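What follows is one structure encoded as structure tokens, with my remarks underneath.
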Amino acid sequence: MIIKGIVEEDFSNYKKPSMLIATARCNMKCNVLNGCNICQNNPLLYKPDIQMSNQRLINIYLNNGLTEAIVFGGLDPCDQFAELISFISDFRQVSNDPIIIYTGYTKEELQLTGQLNMLKVYGGIIVKFGRYMMGCEPHYDELLGVKLASPNQYAEKIS
């Protein structure tokens, strides 16, 4: 999988201690929506790509006694969907821990592409939907246990 980085112990994107995997691709749809360069993850675009095998990522996760979930974020995991599904498939062979996917796509967009149906095959998948909208008040998302930046953003357990 091509990534931009890993945070082995992340406490800001899910209510449980998680390993954050920063994915490497995004079409910058939030910038387009807002008409300017507002993406908080924009600096990741300039970090070097890191090629890491699914097994290596899984081993890092399994060897950490603190983490209880995996969060995919950074840029947009759904923009490298084949790699995401490959990882989830491999991970589900060894763990049923939650996998959280932060995406700027809407639920409807992912339904149209068929990506949601492909994710439903695996248990314990949570998707955070919605683009960042500038100038909005953050709100608390019960499922994630964290504040999200825009009222159009929400998480849903899809499987």
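For region 73-109, residues that are free of Cβ contacts under 8 Å to residues at least 12 places away in the same chain and either buried (at least 21 other Cβ atoms within 10 Å of the Cβ) or of a type in the set (Asp, Glu) (or both) total 2. Among the residues of region 9-27, those identified as without any contact (Cβ under 8 Å) to a residue 60 or more places away in the chain and exposed (fewer than 15 other Cβ atoms within 10 Å of the Cβ) are Glu9, Phe11, Asn27. Residues in region 124-137 that are closer than 16 Å to Phe72 by Cβ and part of a loop (DSSP other than H, G, I, E, B): Gly124, Gly130.
Please indicate, with yes or no, whether at least one residue in region 112-133 is more than 19 Å from Ile6 (Cβ to Cβ), free of Cβ contacts under 8 Å to residues at least 12 places away in the same chain and of a type in the set (A, V, I, L, M). Within region 112-133 (the criterion being more than 19 Å from Ile6 (Cβ to Cβ), free of Cβ contacts under 8 Å to residues at least 12 places away in the same chain and of a type in the set (A, V, I, L, M)), the answer is yes, since at least one residue qualifies.
Residue count for region 110-157 under the criterion of being surrounded by fewer than 19 Cβ atoms within 10 Å (Cβ to Cβ), within 17 Å of the chain's Cα centre (by Cα) and of a type in the set (A, V, I, L, M, F, W, C): the result is 4. When Lys107 is tested against the conditions (1) at pLDDT 95 or above; (2) within 16 Å of the chain's Cα centre (by Cα); (3) closer than 22 Å to Met19 by Cβ, the lone failure is (3).
The values are calculated or read from the model by the stated rules, or taken from the named source; none is laboratory data. Note that the structure is predicted; figures quoted are calculated from it, not measured. Virtual Cβ from ideal backbone geometry, glycine too; neighbours counted across all protein chains shown.
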